[in-house]
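The values are calculated or read from the model by the stated rules, or taken from the named source; none is laboratory data. Because the structure is predicted, anything quoted here is derived from the model rather than measured. Here the Cβ positions follow ideal geometry from the backbone for every residue, glycine too, while neighbour counts run over all protein chains shown. Note: areas computed on protein heavy atoms with side chains; ligands, DNA, RNA excluded. Shrake-Rupley method; radii C 1.70, N 1.55, O 1.52, S 1.80 Å.
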Amino acid sequence: MVPNPTSARRLWESVEPLHAVVYFTPEPAEAARALGLPGWWAGYFTGR
């Protein structure tokens, strides 16, 4: 039996694709490099 998703789960499922775009497209990484951040992880944590 599949449990009924909670409101939090439904919200996460609807917003997660936007989150992925922000972190895993080339443009944010390029912007982080332009700011002088060293590497992907620095840009990732700074963006969070």
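Computed values, structure above
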quantity: Helical contribution to [θ] at 222 nm, DSSP H n ≥ 4, -39,500 (n - 2.57), averaged over the chain, rounded to 500; calculated: -22500 deg cm²/dmol
quantity: Alpha-carbon Rg with Dmax, taken over the chain, Å; calculated: 15.1, 50
quantity: Only Lys, Arg (+1) and Asp, Glu (-1) charged, at Cβ; the chain dipole about Cα centre in debye; calculated: 140 debye
quantity: Average accessible surface area per residue within the chain, 1.4 Å rolling probe, Å²; calculated: 87 Å²
quantity: The chain - percent of accessible surface contributed by carbon and sulfur, probe 1.4 Å; calculated: 67 percent
quantity: Neighbourhood net charge (15 Å Cβ-Cβ; Lys/Arg +1, Asp/Glu -1) for Pro5; calculated: 0
